[in-house]
Amino acid sequence: FNYFLEASLITNDARKKNLLLHLVGSDTQDIYDTLTPESASFDDALAALSNHFEPKKNVIFERSIFHRATQNQGEGIDQYVTRLRKLSLHCEYGAELDNNIRDQIVTSCNSSKLRNTLLRETELTLDKATSIAKTMENADRFTKSIEEKNTDSVYIEHEKAYKLHRSKHQNYKPSAKL
């Protein structure tokens, strides 16, 4: 709704509140009338409706969901961190958010090699953990590419050798003198 207000250049507080109440419909307007005085500002109206309709968050439950989030197979570190940030929205970690995400990466990443590398770091930050993880992801991808290329190269070389062998012996005719 706020994006709409900004895009429409609606800045007048009374207009914003009236537009909000118009869009929510008459049932919600009746509820709103019991929550705030008529002179309430747009922000007060929005807060009153949000408090009434949004379920109360259980921080312990939200954190339990966060701590059960493991890195999915094929999920890169950037996607995993983004998912953890979304899961942490109601965890109330505050200034410790990055440390909690870092710890979650260490304990729940799907690579034991990465976990081992991260646990060796004495001054591990979230930025450093993601940097190491990206480097290892790239190294794994490059290694796989090289190995696939080598396999293909070996196959191609084998095919060339076979064709050369056949071409040399295709016109072979045993001599009559045996």
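Among Ser131, Ser153, which is of a type in the set (Ser, Thr, Tyr), assigned to a helix (DSSP H, G or I), farther than 17 Å from Gly74 by Cβ and modelled with pLDDT of 75 or more?
Testing whether each residue is of a type in the set (Ser, Thr, Tyr), assigned to a helix (DSSP H, G or I), farther than 17 Å from Gly74 by Cβ and modelled with pLDDT of 75 or more leaves just Ser131.
Check Ile77, Ile65 and return the single one that is touching a residue at least 60 places away in the same chain (Cβ under 8 Å) and touching a Leu at 6+ places or on another chain (Cβ under 9 Å).
Ile77
How do the helices (runs of 4 or more DSSP H) wholly within segment 13-74 filter down when requiring 1 or more residues that are over 33 Å from the mean Cα position of the chain (by Cα) and at pLDDT below 85: which remain?
Helices (runs of 4 or more DSSP H) meeting the threshold: 13-24, 26-35, 42-53.
Which residue is nearest to the chain's Cα centre (by Cα), if the candidates are limited to segment 1-12 and must be open to solvent by 80 Å² or more (accessible area, probe 1.4 Å) and hydroxyl-bearing (Ser, Thr, Tyr)?
Tyr3
Considering only segment 75-108, how many residues are open to solvent by 30 Å² or more (accessible area, probe 1.4 Å), assigned to a helix (DSSP H, G or I) and not polar (S, T, N, Q)?
Selection size over segment 75-108: 14.
Suppose we keep only residues that are open to solvent by less than 60 Å² (accessible area, probe 1.4 Å) and not hydrophobic (A, V, I, L, M, F, W, C) within segment 111-120. Which one would you say is nearest to Glu75 (Cα to Cα)?
Once the filter is applied, the top-ranked residue is Ser111.
The values are calculated or read from the model by the stated rules, or taken from the named source; none is laboratory data. Please read these numbers as outputs of a predicted model, since none were measured by experiment. We place every Cβ from the backbone using ideal geometry, glycine too, and count neighbours over all the protein chains shown. Surface areas here come from the heavy atoms of the whole protein model, side chains and all, with no ligands, DNA or RNA. Shrake-Rupley method; radii C 1.70, N 1.55, O 1.52, S 1.80 Å.
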